[in-house]
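Notes for the one structure printed next.
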Amino acid sequence: MNRYDGDEDVERTFPALPPASGKGFAQTWWGRAWLKALEDTALDSQQLKTGRRLARAGSVGAVSVRPGRITAVVRDRDRTQHRADVLLEELSDEQWDRFLDMTVERAGHVAALLDRDMPPHLVEDAAATGVDLLPGMGDLEPECDCGAWDHCGHTAALCYQVARLLDQDPFVLLLMRGRGERAVLDDLQARSAAPTDAPPEPEGVDAAEAFAAGDILPPLPDLPELPEEPGVPPSLDTETPPPSGPDPHALEYLAARTAAEAHRLLADALRGVPDHSGLPLAEDAVRLAAGAPPPAVLERLADGSGRSREQLALAVQAWELGAAAALSVLEDEWAVEAETLVRARAALESAWDEDERPSLRAKGNRWTAVGTPGQVRLGRDGRWWPYRKERGRWVPAGGPSQDPATALASAEPAPEG
């Protein structure tokens, strides 16, 4: 049910969802990012477990979504009811302008939103303009009448339920950030129809005149803003036959990827993100292959990294889920020992209720659910990664989770139909 005030939808209320026993709460990457923000923020993993159990049991009532806040009544196991709220900071008017301007300039972004999709490059492009759509650690602020000061089982259950709503409609997230679907689409349509004027020519001064004027001239203007997209290197496709040796197609691709990487590094530097460049060659080959190079270049990347074409394709699949950390989980099997093993066993022991716990067979940092095509792998950073067996090999099935039960549920094949 939607409720509107004037021309803008300021609140949406979703009826209670049926129980989700045995299923993951998020199938889309943005739904999993929402849950990661919850799991990274909550200090008590037992409360997360309680929240998952309540959400699976269908104990979360109708969910109200408003700018900056989600609300629901959650029924506890003893039948008591609690009002749970989770707050998320709204975007400012300036941030909305930057996001909408960026979106309307790329037809693919508008089409994705209309298709109820939120591709990673839309979120990345928004972040490049200083707009973080998805919440991060500490962004989901809980309020519950049970008196808990941190995330309790009730607010956790609400977040798990909202992950299912986000899977169906990313406009739920935009409403939490301050604007409803109708307002966003109307604004995009208005911006698309607005005439665009050519930018004015930049002002300047003759170099000799500037030198002679000395301190009389005003200070230099601010540095130009970061370009929205990386530049396009010059084409090597000329009528002159290339010399023997370098492959012009490989050089063109490498130049384009270098421009894209330089653009990303500059954007990260302007936002204060640490530089994590300097990948080993075998990992950097996977990063380059993730940019969809021509077949001949892809063949060279496979050979240069010591992988077959099939192995490289699997490595790219892992890279797109979590970069170098996901690639390490795919290709490195290591012995879990000492305190790490104690923590892993404790997480596995507490992840499921006694009657729900699957039979797990351990090998190194990999736990396989006996009789199923599912597996969870422990990364060296303590996160759990889902894997699914397809055509006799284990393939990445999603991003990481702090909870092995959530990770294993993500490994289940999507329902058909």
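Of note:
- Inside the range 58-70, residues that are touching a residue at least 60 places away in the same chain (Cβ under 8 Å), open to solvent by 30 Å² or more (accessible area, probe 1.4 Å) and in a loop (DSSP other than H, G, I, E, B) make up a count of 1.
- The set of residues in the range 128-155 that are surrounded by 14 or more Cβ atoms within 10 Å (Cβ to Cβ) and on the phi > 0 side of the Ramachandran plot contains only 130.
- Flag for residue 310 being in a helix (DSSP H, G or I), surrounded by fewer than 14 Cβ atoms within 10 Å (Cβ to Cβ) and modelled with pLDDT of 80 or more: yes
- Residue 55 being in a helix (DSSP H, G or I) and hydrophobic (A, V, I, L, M, F, W, C): yes
- Filtered residue count, the range 384-410, keeping only those that are free of Cβ contacts under 8 Å to residues at least 40 places away in the same chain and under 23 Å from residue 50 (Cβ atoms): 3
- Condition met for residue 125 (acidic (Asp, Glu), more than 20 Å from residue 10 (Cα to Cα), part of a helix (DSSP H, G or I) and open to solvent by 20 Å² or more (accessible area, probe 1.4 Å)): yes
- Some residue of the range 386-409 being under 23 Å from the mean Cα position of the chain (by Cα), of a type in the set (S, T, N, Q), under 21 Å from residue 33 (Cβ atoms) and in a helix (DSSP H, G or I): yes
- Which numbered condition residue 398 misses (of (1) open to solvent by 50 Å² or more (accessible area, probe 1.4 Å); (2) in contact with a Ser or Thr (Cβ under 7 Å, 6 or more places away or on another chain)): (1)
- Within the range 1-28, the residues that satisfy the criterion of being among the hydrophobic types (A, V, I, L, M, F, W, C) and either at positive phi or modelled with pLDDT under 85 (or both) are 1, 10, 20, 25, 26.
- Every residue from the range 164-186 that is outside any helix (DSSP H, G or I) and on the phi < 0 side of the Ramachandran plot: 169, 170, 177, 179, 180
- Restricting attention to the range 88-121, the residues that are free of Cβ contacts under 8 Å to residues at least 24 places away in the same chain, in a loop (DSSP other than H, G, I, E, B) and open to solvent by 60 Å² or more (accessible area, probe 1.4 Å) add up to 1.
The values are calculated or read from the model by the stated rules, or taken from the named source; none is laboratory data. None of these values were measured; they are calculated from a predicted model. Heads up, the Cβs are rebuilt from the backbone with ideal geometry, glycines too, and the neighbour counts pull from every protein chain shown. These accessible areas exclude ligands, DNA and RNA; they are computed on the full protein's heavy atoms, side chains included. Shrake-Rupley method; radii C 1.70, N 1.55, O 1.52, S 1.80 Å.
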